[in-house]
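Note sheet for the following structure.
The values are calculated or read from the model by the stated rules, or taken from the named source; none is laboratory data. Keep in mind the model is a prediction, meaning the values are calculated, not measured. All Cβ positions, even for glycine, are placed from backbone atoms using ideal geometry, and neighbour counts span all protein chains on display.
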């Protein structure tokens, strides 16, 4: 029974590849496999690449939002500074985990959004490539600990850790 459930999707993928004309290319030219199906871990990921793709929060002085919900610019600057430092000092493995937490895969998109909000822990909205960071951090050490804890949840979901 399990084999049937696995075979059916494989047959559908094969059928789709044949209908699009890609199957003959894949069959005849194994050298193109890495280009069509790149492996996430084979790409070089470095802090500069991540930082260049971040859309940092901008102050919105013309906002109609409640004053109670807005995070002061000083806190936004402090927390985003902690994030920048985290990224700059991260190993390639930690950067891959950060990307997987933030966007759902190991490579950054061209637009990584950051928002500093009133909350308890870092949260990612992978569909929107948005990382929401709590504004309560006063030290880089606590920020680092909480973000590493969040990154440890990438295989199970943050609420299940």
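The listed residues are 45, 17, 25, 3, and the only one of them that is within 30 Å of residue 144 (Cα to Cα) and either assigned by TED's automatic domain parsing to the domain that holds residue 134 or at pLDDT below 85 (or both) turns out to be 45.
Based on this model, can you work out whether residue 39 counts as more than 20 Å from residue 128 (Cβ to Cβ) and modelled with pLDDT of 95 or more? Taking the combined requirement at face value, the residue does not satisfy it.
A quick yes/no check of all residues on (1) under 22 Å from residue 53 (Cα atoms); (2) surrounded by fewer than 16 Cβ atoms within 10 Å (Cβ to Cβ); (3) touching a strand residue (DSSP E or B) at 6+ places or on another chain (Cβ under 9 Å); (4) not assigned by TED's automatic domain parsing to the domain that holds residue 44:
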| site | (1), (2), (3), (4) |
| --- | --- |
| 107 | yes, no, no, no |
| 113 | yes, no, yes, no |
| 127 | yes, yes, no, no |
| 130 | yes, no, yes, no |
| 138 | no, yes, no, no |
| 146 | no, no, yes, no |
| 156 | no, yes, no, no |
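So that you can scan it fast, the table gives a plain yes or no per residue for (1) closer than 21 Å to residue 47 by Cβ; (2) over 14 Å from the mean Cα position of the chain (by Cα); (3) not in a loop (DSSP other than H, G, I, E, B):
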site	(1), (2), (3)
82	yes, yes, yes
86	yes, yes, yes
99	yes, no, yes
105	yes, no, no
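Looking across the stretch 122-149, the residues that are in contact with a helix residue (DSSP H, G or I) (Cβ under 6 Å, 6 or more places away or on another chain) and either in a loop (DSSP other than H, G, I, E, B) or free of Cβ contacts under 8 Å to residues at least 60 places away in the same chain (or both) come down to 122, 124, 126, 129, 131, 133, 135, 137, 140.
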